[in-house]
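See below for the structure under consideration.
The values are calculated or read from the model by the stated rules, or taken from the named source; none is laboratory data. Just so you know, these numbers come straight off a predicted model, no measurement behind them. Using ideal geometry, Cβ is built from the backbone for each residue, glycine included, and neighbour counts are taken over all protein chains shown.
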Amino acid sequence: WKRWMMPRAVTLRSWSPRPRGAHRNPRRRPPPSRFEPFLEDAPEARSPTVPSRIPTLASLSRSPPSPLVRFQLPNVLFAYAHTLALYHGGDDALVSDFCATLLGVSGALGAQQVFASAEEALQAAAQVLEAGEHPPGPLGTRGAMREAARILMGEGPADQKGYTLAALGHLAQTLGRARKQAVATEERDRLYRARKKCQFLLAWTNENETALMPLALDCARAHRAHAVAAEEVAALTEELERLWGGPLPPAPRILIEELPG
């Protein structure tokens, strides 16, 4: 969500998602088509947009959603921010790699993980990056946490869900493109499940806008805690290096040497 990404990326402070149903040129607005693909945007769209049609939760599930559903969002948005920055928006040539990284970092999308808090959801994604299983990317762990919080905050009280809806819509669309390119049945099924999860989260977000600010604040607190911990580690490392006279501890000295008999 930075200016230096591909045009599809979003700049939070200077760009807002186009509202549902909005078109670049209202005079040439095409007639609605009942055959329009779900979550498809116009080919010329260059930034994530709020999908023109969002299903209701009732149409996707007969059971009420779990109260833990909300904690899927920080995990998904962390992975989205990381992957978007890593691939500079992700064009068609990189869509397979984009989705492989996305599903690898987001346990909610790639492994159907469930989280009990926003902090747990963020830490799960952060641990994947810190373990070196995927490239760190320009944002790093703290940067991805920060961007997840910004997306959840939206533009403010007047439109808090817009950024999250645009991000989830972009993900669902990208996962759909990747599924069309995939050959292996197992991979196609995995992408299908991830896309369905994004669509469910899209519907949930659309109907639960008031839950986003508490999530954003939880993400901001987790980001600050992670930053403080990193600063403490850096300070300790600096002090040890000062005592050692370098990045490595000195070789142990022999205090007592046994003389040959």
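Return the only residue of L94, L102, L86, L129 being under 25 Å from E187 (Cα atoms), of a type in the set (A, V, I, L, M) and at pLDDT 95 or above.
After applying the criteria, what remains is L102.
If a residue must be within 13 Å of the chain's Cα centre (by Cα) and aromatic (F, W, Y), how many such residues does the stretch 163-193 contain?
The number of residues fulfilling the criteria is 1.
Taking the stretch 167-189, which residues are among the small types (G, A, S) and touching a residue at least 40 places away in the same chain (Cβ under 8 Å)?
A167, G169, A172, G176, A178, A182
Mind checking which pairs have a first residue in the stretch 89-100 that is without any contact (Cβ under 8 Å) to a residue 60 or more places away in the chain and closer than 14 Å to P135 by Cα and a second that is hydroxyl-bearing (S, T, Y) and not in a helix (DSSP H, G or I), Cβ under 9 Å, 6 or more apart or different chains?
D97/Y87
Looking for something touching a Pro at 6+ places or on another chain (Cβ under 7 Å), in contact (Cβ under 8 Å) with a residue 12 or more places away in the chain and over 16 Å from L84 (Cα atoms) - is there at least one such residue anywhere in the stretch 157-165?
yes
Between V114, V76, which is at pLDDT 95 or above, out of contact with any Gly (no Cβ under 6 Å at 6 or more places or on another chain), over 20 Å from A166 (Cβ atoms) and of a type in the set (V, I, T)?
Only one candidate qualifies: V114.
Among the helices (runs of 4 or more DSSP H) lying completely within the stretch 87-182, list those that include at least 3 residues that are farther than 21 Å from F200 by Cα.
The helices (runs of 4 or more DSSP H) meeting that bar are 95-105, 118-130, 140-153.
Residue by residue, here is whether (1) outside any helix (DSSP H, G or I); (2) modelled with pLDDT of 95 or more; (3) within 20 Å of P48 (Cα to Cα) holds:
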residue: R190; (1), (2), (3): no, yes, no
residue: R195; (1), (2), (3): no, yes, yes
residue: L202; (1), (2), (3): no, yes, yes
residue: P214; (1), (2), (3): no, no, no
residue: L217; (1), (2), (3): no, no, no
residue: H223; (1), (2), (3): no, no, no
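Of everything in the stretch 45-96, what is aliphatic (A, V, I, L, M), buried (at least 17 other Cβ atoms within 10 Å of the Cβ), within 23 Å of A182 (Cβ to Cβ) and out of contact with any His (no Cβ under 9 Å at 6 or more places or on another chain)? Give them in sequence order.
V76, A79, V95
How many residues does the stretch 147-160 contain that are in contact with a helix residue (DSSP H, G or I) (Cβ under 7 Å, 6 or more places away or on another chain), under 17 Å from D218 (Cα atoms) and surrounded by fewer than 22 Cβ atoms within 10 Å (Cβ to Cβ)?
Residues flagged as in contact with a helix residue (DSSP H, G or I) (Cβ under 7 Å, 6 or more places away or on another chain), under 17 Å from D218 (Cα atoms) and surrounded by fewer than 22 Cβ atoms within 10 Å (Cβ to Cβ) within the stretch 147-160 amount to 2.
Report the residue count in the stretch 124-145 for those that are crowded, with 21+ Cβ neighbours inside 10 Å and in contact (Cβ under 8 Å) with a residue 60 or more places away in the chain.
So the count comes out to 4.
If a residue has to be touching a residue at least 24 places away in the same chain (Cβ under 8 Å) and either surrounded by fewer than 17 Cβ atoms within 10 Å (Cβ to Cβ) or over 26 Å from L152 (Cα atoms) (or both) to count, how many in the stretch 194-207 make the cut?
Qualifying residue count for the region: 1.
For the stretch 146-156, enumerate the residues that are among the small types (G, A, S) and touching a residue at least 12 places away in the same chain (Cβ under 8 Å).
Answer for the stretch 146-156, where residues must be among the small types (G, A, S) and touching a residue at least 12 places away in the same chain (Cβ under 8 Å): A148, A149, G154.
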